[in-house]
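Shown next, in structure tokens, is the structure this report addresses.
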Amino acid sequence: MALILCLETATTNCSVGLAKDGKLLSLREDNSKGYSHAEKLHVFINEVLEEAGVTSKDLDAIAISKGPGSYTGLRIGVSSAKGLCYSLDIPMISVPTLDLLALQLKGEQAYFVSMLDARRMEVYSAVYDSDFKQVRDTRAQILEENSFAEYLEESKVHFIGNGVAKFEDICKHPNAVFHVQKFPSAKEMAAIAEYKYKISDIEDVAYFEPYYLKDFIAG
């Protein structure tokens with residue numbers, strides 16, 4: 001039984017949720033085109049705590065989206081989580097960002113491909129089966145017409161994320177289902193964070209780094 005603050009900042013969606021016992025109590029999100037994380041993150045944290053009638057001292061843990069995703073967005077989220085964990089002396093839990101996208105479609109009998117926009121025709125992606133088991137490793141990949149062909153020949157494949165529009169333009173397979181402009185959200189973090197808290201699957205706050213997948217390139 002834990003009260004966990006969930007932070008998702010890996011994309012343009014600045015998302016903060018408060019969960020108790022794996023159930024979402026409060027949620028704040030802003031998915032404007034630019035990155036609003038620096039301005040909105042701590043405002044949202046205060047708002048979800050106030051809405052639930054608790055303070056930061058009541059928190060049992062902080063959950064953070066670990067990446068892959070935006071270098072800047074991930075840094076802001078992780079830095080905030082670390083600061084809170086240090087000041088409150090509570091554990092930090094990390095959740096793979098692509099898991100949060102796949103969870104939005106859980107329940108379908110199909111494959112799910114979480115896909116975040118990278119550069120040009122490149123995306124960060126992972127493949128899951130209908131039981132939410134990851135069946136292909138997380139990759140930075142350049143999209144081609146025949147990408148994911150082995151899954152498309154077998155069954156329906158749902159593609160979800162802000163990188164999906166790139167693939168929709170070049171993939172005409174009848175088994176492909178596209179969910180464009182979907183973003184990872186703190187609301188999908190609640191159940192995973194609760195489970196990880198129960199089994200003490202936590203991070204070393206001092207040494208934890210986001211999962212960038214690729215080296216940062218300025219410009």
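The values are calculated or read from the model by the stated rules, or taken from the named source; none is laboratory data. Bear in mind that the values here come from a model prediction, so they are computed numbers and not experimental data. Positions of Cβ are backbone-derived with ideal geometry, glycine not excepted, and every protein chain shown enters the neighbour counts.
Can you tell me which residue in the stretch 160-174 is surrounded by the fewest Cβ atoms within 10 Å (Cβ to Cβ), limited to those that are farther than 11 Å from Val113 by Cβ and within 25 Å of the chain's Cα centre (by Cα)?
So the residue we want is Asp169.
With respect to Ser94, determine if the residue is of a type in the set (Ser, Thr, Tyr) and over 15 Å from the mean Cα position of the chain (by Cα). Spell out the reasoning first.
Working: of a type in the set (Ser, Thr, Tyr): yes; over 15 Å from the mean Cα position of the chain (by Cα): no.
Criteria not met by Ser94.
Which of the residues spanning the stretch 27-39 are free of Cβ contacts under 8 Å to residues at least 60 places away in the same chain and surrounded by fewer than 20 Cβ atoms within 10 Å (Cβ to Cβ)? Show your work before the answer.
First pass over the stretch 27-39, keeping only residues free of Cβ contacts under 8 Å to residues at least 60 places away in the same chain: 28, 30, 32-39.
Passing the criteria: Arg28, Asp30, Ser32, Lys33, Gly34, Tyr35, Ser36, Ala38, Glu39.
Say whether the condition of being under 18 Å from Met189 (Cβ atoms) and either free of Cβ contacts under 8 Å to residues at least 24 places away in the same chain or of a type in the set (Gly, Ala, Ser) (or both) is met by at least one residue in the stretch 90-97. Lay out the reasoning, then the answer.
Pass one, the stretch 90-97, residues under 18 Å from Met189 (Cβ atoms): 90-97.
If we keep only those that are either free of Cβ contacts under 8 Å to residues at least 24 places away in the same chain or of a type in the set (Gly, Ala, Ser) (or both) too, we end up with 94.
Yes, because at least one residue in the stretch 90-97 is under 18 Å from Met189 (Cβ atoms) and either free of Cβ contacts under 8 Å to residues at least 24 places away in the same chain or of a type in the set (Gly, Ala, Ser) (or both).
Looking only at residues in the stretch 40-74 that are of a type in the set (Lys, Arg) and modelled with pLDDT of 95 or more, which one is surrounded by the most Cβ atoms within 10 Å (Cβ to Cβ)? I'd like the intermediate steps shown before the answer.
Here is the first cut: in the stretch 40-74, the residues of a type in the set (Lys, Arg) are 40, 57, 66.
Now narrow it down to the ones that are modelled with pLDDT of 95 or more: 57, 66.
Values: Lys57: 9, Lys66: 25.
Out of the qualifying residues, it is Lys66.
Checking the condition in a helix (DSSP H, G or I) and over 30 Å from Ala61 (Cα atoms), which residue from Ala190, Ala165, Ala140 passes?
Just a single option satisfies the conditions, and that option is Ala165.
Return yes when Thr72 is closer than 26 Å to Asp204 by Cα, touching a residue at least 24 places away in the same chain (Cβ under 8 Å) and of a type in the set (S, T, N, Q) and no when it is not.
Details: closer than 26 Å to Asp204 by Cα: yes; touching a residue at least 24 places away in the same chain (Cβ under 8 Å): yes; of a type in the set (S, T, N, Q): yes.
Yes, satisfied.
Condition check: of a type in the set (Gly, Ala, Ser), over 15 Å from Thr9 (Cα atoms) and either in the same structural domain as Glu168 (by TED's automatic domain parsing) or modelled with pLDDT of 95 or more (or both). Does Ser114 satisfy that? Don't jump to the end; show me each part of the working.
Details: of a type in the set (Gly, Ala, Ser): yes; over 15 Å from Thr9 (Cα atoms): yes; either in the same structural domain as Glu168 (by TED's automatic domain parsing) or modelled with pLDDT of 95 or more (or both): yes.
Answer is yes for this residue.
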